[in-house]
Each structure stands twice: as structure tokens, then as C-alpha cells.
Amino acid sequence: MMGRPPWCLHSPLQTSDFIIVKSLIFSTPSNAPNSFSRPLFILTPFPSPGLKEKRAAQYACSLVGHALQKHGASPELQKQIRQLEGHLSLGRKLLRLGNSADALESAKRAVHLSDVVLRFCITVSHLNRALYFACDNVLWAGKSGLAPRVDQEKWAQRSFRYYLFSLIMNLSRDAYEIRLLMEQESSACSRRLKGSGGGVPGGIETAGPGSPGTTGGGLPQLAVKLQLRVLLLARVLRGHPPLLLDVVRNACDLFIPLDKLGLWRCGPGIVGLCGLVSSILSILTLICPWLRLKP
């Protein structure tokens, strides 16, 4: 009986849940001069359709474990939840073995974007994702027993650092797109107001420096401008659901590396909740592809 691979010995999950591998066997003619130099097979990793669901389940376990600990549940139940979370985390790491190459390909495509700011933010984000996945692969090798001498704490810190840089670039890209859309919306509103002779959108009237409602025109004018910017931001996000979902998802994901790196300790409950919300939004973009932010 053939022995099982080392990673199967450390996890009760089924092998079919982890990765799908396609083997292409090449038939080499007997009269081929360089038959020994030709590859016999190619292993092509396919992304699992349940990767997002496993991420949601992992952070749901983290949230449930925190709730059980807070309400004084039995230690045995808490241990089972932690073990399930660990198995899901190890399975996700195995499913992401080929994601570094995919992130590099995405970075190569982003280099050709015409907008300089978008090109920089998206390319740097994908490069950091590639490094994050590479560190994650090393972590998987250490946790599965293939490389027992790996310093898991050091590689975990490295992976979360690259993950944080990637999220910062994503949020910078979101802020840039929001700024562009707000400028376009503001110009369109100004043109409509000049054509109709109406007031400021949203029913807010801006008073001049000598108006009765202002005393010097300092703080009230600032408050009115701030309110107008908030209304304009809400209008832009309401009109662009993919951008809104991307902002919320990246903002939720940001709490995870901040907590793991010790930059802002928010606790396992907040991390589990933010990870669960982010995972649900990612699943939503898979169900409704038009909600995915492009490019």
C-alpha cells in the first residue's frame, strides 16, 4: 500500500478538497531524436471554486470561537473550533499554491494601463500579493511537515506585511477613483445648475459672507462645504456599487494584517467579523461578476 503524502497526515480533510491537478501525457515517437529531453507531464493547478467559502468558514470559526470563549463555553468545544479553524487555514494555503504566478500575470497586464496612477497602484498591489502568496506557500510547507525547520513566525510576519502593502495600494486606487468620480459628478452638477439656474444639489443653500445666517463666514461655510462633499461622496458610491464593495472589502481586510503585525490590536472577534464580511462580499462578486471592480 502506497504511503500518503506528508500534508495528508496532518489534516483530516480530503485531498479532493484541496487541489485539482491536470496531467497531460505526451506521446513521444520512438524515432524522435530528443525524446528524453521532452517533458512527460505538466501539472496545472486549478483554482478551487470553494476557496472563498472556506475563507468565510475559517473567519466564521474565529468569530464563533471568540463568542464561545467570552460566554464561558466548555474548553473541549473551544478546542474543536480552533482545530477546525486550523484545518481550514491549512487547506486554504494549499489551494493558494499557484496564486503567486497568477498575481504576477495580473501585474504584467496592469503595466499596460494608460492611467499612470492606476498602473502604479494595481501593479504594486499585484506584486505584493505575489510575494504574500509565496510566503504563504513557505508557511504551508512548514505547517504540513514538508519543511519542519521553517521559522513559521518569521514567515507569517513577512506574509502579513506584504498583505498589508497590497491592501494599502488597493485602498489608494479606490481613493483615486473616488476622487475622479467626484470631480466628474461635481462638474456635471455645475453644468446642470448653470443651465437651470437652481441651487446646490441636496437642498443645501450656500450663503455668502454677508448673509444673515453666517457670522463672519468661517465655520458655517466650512460645515456647508463638508456636508456637500459628504453628500457628493455618498452619491458617487451609490451610483458605483463595484467601487463601494471594493472599498468596504479592502477596509475590512485591513484589520487582519494590522492585528497580526501588532500595529493595532483589535482582537479575534473583530478580525473574525471583518474577515467574514470581506469573504461574503468576495462571494457576492463571484455570484454577480458585474460587481467586480475593473480593471
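The values are calculated or read from the model by the stated rules, or taken from the named source; none is laboratory data. This structure is a prediction, so every number in the text was calculated from the model and none was measured. Cβ atoms come from the backbone with ideal geometry, glycine included; neighbour counts cover every protein chain shown. Heavy atoms of the whole protein, side chains included, go into the accessibility calculation; ligands, DNA and RNA do not. Shrake-Rupley method; radii C 1.70, N 1.55, O 1.52, S 1.80 Å.
Of the residues PRO242, GLY262, GLY275, the one whose Cα sits farthest toward the positive end of the charge dipole of region 233-295, with +1 on the Cβ of Lys and Arg and -1 on the Cβ of Asp and Glu, is PRO242. For LYS54, the lysines whose Cα comes closer than 27 Å to its Cα, not counting residues fewer than 8 places off in the same chain, are LYS22, LYS70, LYS79, LYS93, LYS143, LYS154, LYS260, LYS294.
The packing ranking, built from the mean of other Cβ atoms within 10 Å per residue, places the peptides 245-254, 109-118, 265-274 in the order 245-254, 265-274, 109-118, highest first. Peptide packing for 133-141, 82-90 was compared via the average number of neighbouring C-beta atoms within 10 Å per residue; ordered from the highest value, the list is 133-141, 82-90. Once the 1.4 Å probe is applied to the protein heavy atoms, region 94-170 comes out at 51 Å² accessible per residue. What does the C-alpha gyration tensor say about the overall shape of region 220-289? Classify as rounded when a/c is under 1.5, otherwise prolate if a/b is larger than b/c, or oblate. In terms of gyration-tensor shape, oblate.
Computed from the Cβ-Cβ distance with R0 of 41 Å, the FRET efficiency linking GLN78 to SER196 stands at 0.05. Probing with 1.4 Å while keeping every protein chain in the model, the per residue accessible area of region 220-267 equals 57 Å². Separation of region 244-295 from region 111-159 is 17 Å, based on Cα centroids.
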